[in-house]
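The values are calculated or read from the model by the stated rules, or taken from the named source; none is laboratory data. In this text, all values refer to a predicted model and were calculated from it rather than measured experimentally. Methodologically, a virtual Cβ is constructed for each residue, glycine included, from the backbone with ideal geometry; neighbour enumeration extends over all protein chains shown.
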Amino acid sequence: MGFTREQLKNFEGRAVPDLLGPDVRLLFVGINPGLWTAATQTHFCHPSNRFYPALRRAGLIGLDIDTNVGMTDAQRAAFLARGMGISNLVPRATARASEIDGAELRRGGVRLLATLATSRPTVAAIAGVTAYRLAFGRPGAVMGRQEPDVWGAQIWVIPNPSGLNAHETVESVARWFAEVGRAAGLL
């Protein structure tokens with residue numbers, strides 16, 4: 001299965017609900033859902049996205065997610081049972097993250113703080129240093145652990161696993177995923 005550009009355009013602006021369970025220890029935070037993600041209702045879901053291959057290589061999942069159709073209910077349950085969750089700074093689907101402006105990212109930062117207050121993960125791993133800088137007004141932020149912790153959660157900035165991020169590979173993203181997985185006590 002695949003989608004045509006015309007089919008994907010129908011998903012512009014759609015939201016993808018957070019994937020959160022009661023015992024989330026590691027919360028991955030994307031910038032916003034892409035159109036393929038909105039179509040499949042599965043975060044980080046696009047055939048070129050490195051998210052699921054990197055999670056597998058890091059040892060955080062043993063699942064093979066079919067990015068053409070997204071997660072099954074059983075895969076979602078296994079992901080949550082592993083102590084992981086997924087959210088986004090901005091829930092609105094766009095073709096590219098660059099369609100999200102600074103004001104919307106700042107509102108997304110406030111949204112994330114509310115999510116952290118209720119879900120209380122051990123680690124929140126925000127995928128994308130530029131988005132983090134804008135969302136939290138930290139222009140000098142670099143990849144890695146940020147200070148201070150928020151609601152007891154370590155805040156980490158990790159690479160965006162999107163296939164559009166030419167600076168990263170599955171292996172480099174997997175190294176970051178393993179690091180936040182260890183910080184969350186999952187590895």
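Flag set for F44, criterion: in contact (Cβ under 8 Å) with a residue 24 or more places away in the chain, touching a Phe, Trp or Tyr at 6+ places or on another chain (Cβ under 8 Å), under 21 Å from A124 (Cα atoms) and not basic (K, R). Tell me, please, whether a residue that is touching a residue at least 24 places away in the same chain (Cβ under 8 Å) and more than 20 Å from P53 (Cα to Cα) can be found in region 138-149. Yes: region 138-149 contains one or more residues that are touching a residue at least 24 places away in the same chain (Cβ under 8 Å) and more than 20 Å from P53 (Cα to Cα). Just checking, does region 89-110 include any residue being at pLDDT 95 or above, in contact with a Ser or Thr (Cβ under 9 Å, 6 or more places away or on another chain) and of a type outside the set (A, V, I, L, M, F, W, C)? No, there is no match, as no residue in region 89-110 is at pLDDT 95 or above, in contact with a Ser or Thr (Cβ under 9 Å, 6 or more places away or on another chain) and of a type outside the set (A, V, I, L, M, F, W, C). Any residue at all in region 116-123 that's over 18 Å from L60 (Cβ atoms) and assigned to a strand (DSSP E or B)? No, because not a single residue in region 116-123 is over 18 Å from L60 (Cβ atoms) and assigned to a strand (DSSP E or B). Would you point out the residue of region 144-187, among those that are assigned to a strand (DSSP E or B) and within 15 Å of the chain's Cα centre (by Cα), that is surrounded by the fewest Cβ atoms within 10 Å (Cβ to Cβ)? Applying the filter and picking the extreme gives I155. Looking across region 80-93, the residues that are surrounded by fewer than 19 Cβ atoms within 10 Å (Cβ to Cβ) and over 19 Å from R133 (Cα atoms) come down to L80, A81, R92.
Considering region 27-108, the qualifying helices (runs of 4 or more DSSP H), each wholly inside and each with 3 or more residues that are over 21 Å from V157 (Cα atoms) and in contact with a Leu (Cβ under 9 Å, 6 or more places away or on another chain), run over 35-40, 73-81.
Yes or no, residue by residue, for (1) touching a Lys or Arg at 6+ places or on another chain (Cβ under 9 Å); (2) under 25 Å from I100 (Cα atoms); (3) among the hydroxyl-bearing types (S, T, Y):
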site: A15; (1), (2), (3): yes, yes, no
site: G34; (1), (2), (3): yes, yes, no
site: S48; (1), (2), (3): no, yes, yes
site: A58; (1), (2), (3): yes, no, no
site: F79; (1), (2), (3): no, no, no
